[in-house]
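The values are calculated or read from the model by the stated rules, or taken from the named source; none is laboratory data. Just so you know, these numbers come straight off a predicted model, no measurement behind them. With ideal geometry, Cβ positions are generated from the backbone for all residues, glycine too; neighbour counts draw on all protein chains shown. SASA here: full protein model, heavy atoms, side chains in, ligands and nucleic acids out. Shrake-Rupley method; radii C 1.70, N 1.55, O 1.52, S 1.80 Å.
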Amino acid sequence: MDARLQQYEDRMKKAYEFLESDYNTIRAGRANPHVLDKLRVDYYGTPTPIQQVGNISVPEARIIQIAPWEKSLIKAIEKAIMASDVGITPSNDGNVIRLVFPELTEERRKDLAKEVKKKAEDGKVAVRNIRRDGNDALKKLGKGEISEDEVKQLEEQLQKLTDKYIKDMDALMEKKSKEIMTV
């Protein structure tokens, strides 16, 4: 890999990783603790990630359990969950908070599959934009710094990178869609 293309590969990799982490927050029938990744709890006036104020576990396939390290945080954690887009009402027994995930309806599964496809498209557009930026930079280099043949070779390498990341994003989308549509 040419060093001049490294920055573009890094950016493409970040776009892929963003898509991957975005998919982790989409729930697919079973309880996934990553749906709580973006939640912040008011911890003595400071918005704090929920993972830093309690222990999160998945005791059963469709239940997430949050055991706060301080009992006084139960109300704050419940408030954060209610204000979020998780879409589940928390219940607590005074010690732990439970989120029970209902079975997804067929219609909801299809909506989630569409959302997954849209996120993949957005990711692929980002990768193509990075390719365009790279090609523009290579054309500028071709006006004096390197030969046209080198520019062509670098553009081909950049296209191969683009193809690789788009293929990886498609595979990720297929995997997530399959996970969502599996009852």
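Some values worked out for this structure:
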read-out	value
In nm, spacing of pseudo-spin labels at E106 and E150 (7 Å Cα→C-beta vector)	6.1
Volume per residue of the C-alpha convex hull in the stretch 17-61, rounded to whole Å³	81
Using θ = phi - 60° and Karplus 6.51 cos²θ - 1.76 cosθ + 1.60, couplings along the stretch 118-131 (whole Hz; Gly, Pro as x)	5, 4, 5, 4, 4, x, 5, 4, 4, 5, 5, 5, 5, 4
Percentage relative contact order, the chain, counting C-alpha pairs under 8 Å, at least six apart	25
Between the stretch 1-73 and the stretch 158-183, the alpha-carbon center distance in angstrom	20
Potential extension, V58-S21 segment - 0.36 nm per residue separation minus Cα distance	11.4 nm
Where only alpha carbons of the stretch 44-98 are counted, the Rg and the Dmax (Å)	10.7, 34
Accessible area per residue, Å², the stretch 1-124 with all protein chains present, probe 1.4 Å	58
When the stretch 1-147 is reduced to its Cα atoms, the Kirkwood hydrodynamic radius in Å	18.3
The chain, helix-only ellipticity at 222 nm - DSSP H runs n ≥ 4, -39,500 (n - 2.57), divided by all residues, nearest 500	-19500 deg cm²/dmol
Rounded to whole Hz, the Karplus (6.51, -1.76, 1.60) HN-Hα couplings of the stretch 49-64, x for glycine and proline	x, 4, 5, 9, 10, x, 9, 9, 9, 10, x, 9, 4, 10, 10, 10
Surface share of carbon and sulfur [accessible, 1.4 angstrom probe, percent] for the chain	50
Entries in K124/K175; K14/K118; K14/K176; K117/K139 that, when Cα-Cα distance is taken, lie over 28 Å	K117/K139
